[in-house]
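Working notes, beginning with the structure itself.
Any read-out appearing in this document is the output of simple, stated calculations on the displayed coordinates, not a laboratory observation. Predicted model only: the values in this text are computed from it and were never measured. As a convention, Cβ positions derive from the backbone with ideal geometry for all residues, glycine included, and neighbour counts pool all protein chains shown.
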Amino acid sequence: MPELQTILQNKDRLILQAQEQLTQFLFEQGNKFSNDLARIIGSGNFTQADIIQELTRLGYDDAVTTAMENWGKVIDLSREASGAMGINFLLTEQNEANLIEFLQQKQRFIQLGIKERIANDMYDFAIGARMGQRPVAQIKSEAAILLENQFRRVGTEVETALTAFDRAVDQAVFENVGIERFVYFPGTLIETSRESCTRIVNDPRQQTGWTREEIDAEPDVDFVLGGYPYYNCRHRFIPFGEI
């Protein structure tokens, strides 16, 4: 069904765009942060709290919030996908409450937990730079590389959270309307496909449909998260017979 495939691809594209825009923004702010970190180290008196405060000042929290706000567009595309499949887009009040709570928990983790990890790593780096009396130019260069890796992880966490939210919406709708058999979509593989996704795509049950019990019994595969290690997985379960 071309219309459904297009809608699902649009959902993936929307989430990837949110990830890319967030990562790009953080990369740009990372250059400023590297300069500020050199200044903080030069002051000789700094704490982890100073680094957390600097990340907040540069817009880390607001950028994450902006990226996560794409959940409304994800819902709209899920409603379109349900229409293309000819099923009722039905979410109960409890479904909606659970989904919002899930997003809020993920957002808090990224804004607080991961930001604290970044600050801890940068603090350790700052201590090492201070004790090693590294030149300012070296501090900026090394800090920029370290931050790039950290910010790339932030983007991945946001992408994974939005993808899991998207799949969780679909799961709730499918359960509410009584869908019993599913197929792993897309039914194609690429060079970097995970072992778990390869196994599912090549399984004979792709031709007859998977039950939820069969999916839940499969190792390293999750109805909501896809194939292990789950992040950046483009596969999803949809009602059997739709593709």
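Annotations
- Calculated FRET efficiency, residue 56 to residue 10, Cβ-Cβ distance, R0 = 35 Å: about 0.60 to the nearest 0.05.
- Kirkwood-based shape ratio for the range 180-243, expressed as Rg/Rh from alpha carbons: 0.91
- Counting only whole DSSP H helices of the chain, the ones at least 27 Å long by C-alpha along their axis and with mean Kyte-Doolittle hydropathy no lower than -1.0 are 2-43, 136-177.
- Couplings 3J(HN,Hα) for the range 198-209, derived from phi with the Karplus relation 6.51 cos²θ - 1.76 cosθ + 1.60 (θ = phi - 60°), are 4, 5, 5, 4, 8, 6, x, 5, 5, 8, 10, x Hz, where x marks Gly and Pro.
- Debye log10 I(q)/I(0) for the range 104-178, one point scatterer per Cα, at q = 0.19 Å⁻¹: -0.83
- Residue 189/residue 17 FRET efficiency (R0 22 Å; Cβ-Cβ; nearest 0.05): 0.35
- Counting only Cα atoms, the size of the range 98-243 along its three principal axes is 66, 35, 23 Å, in decreasing order.
- Close amide H contacts of residue 181 (hydrogens built in the peptide plane, cut-off under 5 Å, sequence separation of 5 or more or a different chain): 240.
- The range 172-209: GluC sites (Glu not before Pro) falling in loop per DSSP and having at most 16 other Cβ within 10 Å: 180, 191
- Here the residues 106, 11, 73, ranked from fewest to most Cβ neighbours within 10 Å of their Cβ, fall in the order 73, 106, 11.
- The equivalent ellipsoid of the range 2-179 has semi-axes of 41, 15, 10 Å, largest first, where each one is the square root of 5 times an eigenvalue of the Cα gyration tensor.
- Euclidean distance between Cα centres, the range 153-221 to the range 54-90, Å: 19 Å
- Length-normalised contact order for the chain - Cα pairs under 8 Å, 6+ apart - percent: 26 percent
- Rg and Dmax [Cα atoms of the range 8-93; Å; Rg one decimal, Dmax integer]: 19.5, 65
- Annotation for residue 93 and residue 48: the two label points, set 7 Å from Cα along the Cα-Cβ direction, are 4.2 nm apart.
- What you get for the chain, charging only the Cβ of Lys and Arg (+1) and of Asp and Glu (-1), is a dipole of about 780 debye around the Cα centre.
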